[in-house]
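None of the figures in this text is laboratory data; all of them are computed from the coordinates on show. Because the structure is predicted, anything quoted here is derived from the model rather than measured. Cβ placement follows ideal geometry from the backbone for every residue including glycine, while neighbour counts extend to all protein chains displayed.
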Amino acid sequence: MKIDHSFSPFTKINSKWIKDLKVRPETIRLLEENVDSTLFDISIKRIFSDTMPSQRRETIERINKWDFIRLKSFFKANENRIETKKQPTNWEKIFASHISDKGLISIIYKELSQLNNKTSNNPIKTWAGDMNRHFSKEDILMANRHMKRWSSSLIIREMQIKTTLRYHLTPVRMTKISKTNSNKCWRGCREKGTLIHCWWECKLAQPLWKTVWRFLKKLKIELPYDPAIPLLGIYPKSLKSAIPKVLCTQMFIAALFTIAKTWKQPKCPATDEWIKKMWYIYTMEYYSAAKQNKIIPFAITWMDLEGIMLSERSQREKDNLCMTPLI
């Protein structure tokens with residue numbers, strides 16, 4: 001049977017949304033008066049199944065023979081869709097209560113206009129709760145800009161967006177989804193596996209973040225040891241504008257990639273993997289700058305960090321990873 005895309009268990013039997021059913025009006029009235037009006041209620045009472053209740057036989061005998069064949073075929077073909085027990089959505093309520101399209105456009109318009117007024121969960125406020133602090137409007141704007149700036153690379157922007165919007169699953173979140181009691185960190189530190197813990201507080205993730213800040217000191221960049229900076233891109237207002245945020249962001253994004261790679265593994269994110277990821281980002285940014293004729297700004301940004309990365313690797317590792325200076 002052909003059915004419209006808006007077909008649901010809550011659609012009424014006399015709805016014009018059901019195409020090609022073509023049963024007589026008196027049959028529909030008979031079902032509404034003696035059985036029910038929605039497809040779910042009619043189907044659940046099994047009047048068109050082989051195990052028909054005896055109290056419904058009188059109603060069936062009064063239905064036209066051809067209508068009975070069409071209805072039985074329809075309910076049998078759509079049994080799985082009709083009998084799925086769930087709460088109706090707002091859209092299902094709209095289409096189920098309107099048997100034709102008369103006045104439907106204005107109702108749909110009102111429903112769509114209300115979507116802008118509905119309050120949604122603000123991930124920045126959730127992050128503020130996790131960090132036990134308050135973010136000002138300027139901080140929130142800075143975090144929102146962080147998702148859209150600093151790189152033309154889609155993979156880097158993807159990680160920025162996923163981190164800010166709390167995309168990654170955690171033990172605490174999986175406990176709620178699967179209804180289990182195990183909400184401890186997957187790395188085996190036996191602490192509660194919240195998002196801020198998995199990214200920052202875990203004792204197995206801390207060595208990598210300390211290495212990142214060690215690199216920053218070598219670059220003569222003084223930043224407070226604050227999770228809001230690498231996770232959300234929220235820099236303190238007291239810092240001078242001369243802080244190279246573009247370079248810092250690339251280093252933080254590489255660290256996030258490295259931590260995410262060992263999200264469920266009981267080991268520390270490796271510094272070598274972080275440097276390797278940074279070199280990959282560095283290479284991609286180099287070719288992007290060359291394509292846009294922006295080699296000089298790129299060289300100014302990356303020159304010092306390139307030397308530090310090369311000094312941290314042995315000659316054999318440089319050869320294996322093809323780490324040759326690009327500047």
Fewest-first ranking of Met303, Met147, using other Cβ atoms within 10 Å as the exposure measure: Met303, Met147
Segment 216-289 - convex hull of the alpha-carbon atoms, volume per residue in Å³: 114
Sequence of Asp272, Asp130 once ranked by neighbouring C-beta atoms within 10 Å, starting from the fewest: Asp272, Asp130
Quotient of C-alpha Rg and 2.2 N^0.38 Å, computed over segment 140-215: 1.30
Share of Cα-Cα pairs in segment 150-287 lying beyond 24 Å, as whole percent: 32
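By how many nm would the segment from Lys203 to Glu158 lengthen if fully extended, with 0.36 nm per residue of separation less the alpha-carbon distance?
Gain in length upon complete extension: 13.6 nm.
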Which of Ser178, Ser73 has the fewest Cβ neighbours within 10 Å, and the rest in rising order: Ser178, Ser73
Filter on Lys162/Lys192; Lys192/Lys237; Lys148/Lys220; Lys217/Lys277; Lys176/Lys261 - keep pairs with C-alpha separation over 29 Å: Lys192/Lys237
